[in-house]
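Written out below as structure tokens is the structure these notes cover.
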Amino acid sequence: MEKILAHFREQAAFCDAYGSPFTGALIRAMADDVEAGGPTAGVIGAWPTNPRADALALRLAGALHYAALSGRDPALAAHYPATRAAWRMEDVWPHARAFLQRERPWTEDFIKSPPQTNETRRSIALLLGFLTIAHEWRGPIETLELGASAGLNLNWDRFAYATESWRWNPQGRVRIDTEWRGPPPPLDAAPQIRSRGACDQNPLTLADPAERLRLKSYIWADQADRLARFDAAADLAVAHGVRVDRADAAMWVKEKLARRARDAATIIYHSIFLQYPPREARDAISAAIAGAGAAATAAAPLYWLRLEPEAVLGGDRESVRMLVDLIAWPGGERRILAETDGHVRFVAAFG
């Protein structure tokens, strides 16, 4: 139980730091209830694996948010930020606690699945890489996204990007903004996207109202801007018939690369994904990409674009930075393009 409590306290602090006082306070209330042997302790029981690696606190917060969003618990919903901007945790928690006690089997089933945030704001960090590639390669591009969840970020080139210093694709239906530091991306680049592919071990279908609501429930309930971006990006994905393959990433990317086009650039990309597969799976993904890279030609280059924790990319194991880096073949040159945080509240481009 000590590991669970430590994880909940740490996650609550992360939520505070990332601008979600509601979720921070809710997770602290859960931790107090676990310590007191309340219904939260009954729901999570003797969690069999690492609670921190499993994001257990966010699974439980997602379950409660789903109960509020779906109308499963109207009394709880009446005290959530979407209904009551001046929320008070002393009003929220009694209803949340009662729900966990009353709906224990449903909640236990809900938290079996890991949270999927599919954060669309990450696309503005990846855009730096996409436009760098399109500036260097003026031909057709085929993209492959790993760990794509419901596929919201497959439409990255259809979003509108806005910072204080630059704009790109202003007619886009989904507005993505952040604090931008450093030089802008090459804004004259015009990516020619010919095809889009994606995989996930457990893809959610946005055309299914229940699955769409589940995905939305993992967004922190008091972050209205993130919730609005999700709604807009989900509508866009449904309109374009986004499809994500249910597959193991290592096997999927190996198969896709074996059949990749000989007249186009291929971009493999992912964001806050690589930390989740076990080491052997990460090694298999890297080996498949590097093997394909060795066979890349000037007529069919291969790019690997990543937004991942520095610690996962071979840097300082204690680092909390997220790096945007790009590896290009032929040649295998690696460039670190920018740093950011997990919610991309800023992007610091290195130029």
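Within straight-line reach of K216, meaning a Cα separation under 26 Å, sit the following lysines at least 8 residues removed in sequence or on another chain: K112. Each of the peptides 323-331, 220-228 was scored by the mean count of other Cβ atoms within 10 Å over its residues; in descending order, highest first, they stand as 323-331, 220-228. Protection proxy ranking of 86-98, 134-146, by the mean of other Cβ atoms within 10 Å over each peptide's residues and highest first, is 134-146, 86-98. If the segment from A224 to A86 were pulled out straight at 0.36 nm per residue, it would be longer than the present Cα-Cα gap by 48.3 nm. Loop-located trypsin sites (Lys or Arg not before Pro) in segment 234-287 (DSSP state other than H, G, I, E, B) with a sparse environment of at most 12 neighbouring Cβ atoms within 10 Å: R259, R262.
Spin-label pair E280-I336: with each label point 7 Å from Cα along the Cα-Cβ axis, the two points sit 3.1 nm from one another. Of the residues V320, V242, V34, the one that moves most in a GNM of the chain with alpha-carbon contacts below 10 Å is V320. Cross-link reach is defined here as a Cα-Cα straight distance under 13 Å, omitting same-chain residues fewer than 8 places apart; for K3 the aspartates and glutamates meeting it are E35, D54.
Since every read-out is calculated from the coordinates, none of them should be taken as a lab result. Predicted, not measured: the structure shown is a model, and the values here were computed from it. All Cβ positions, even for glycine, are placed from backbone atoms using ideal geometry, and neighbour counts span all protein chains on display.
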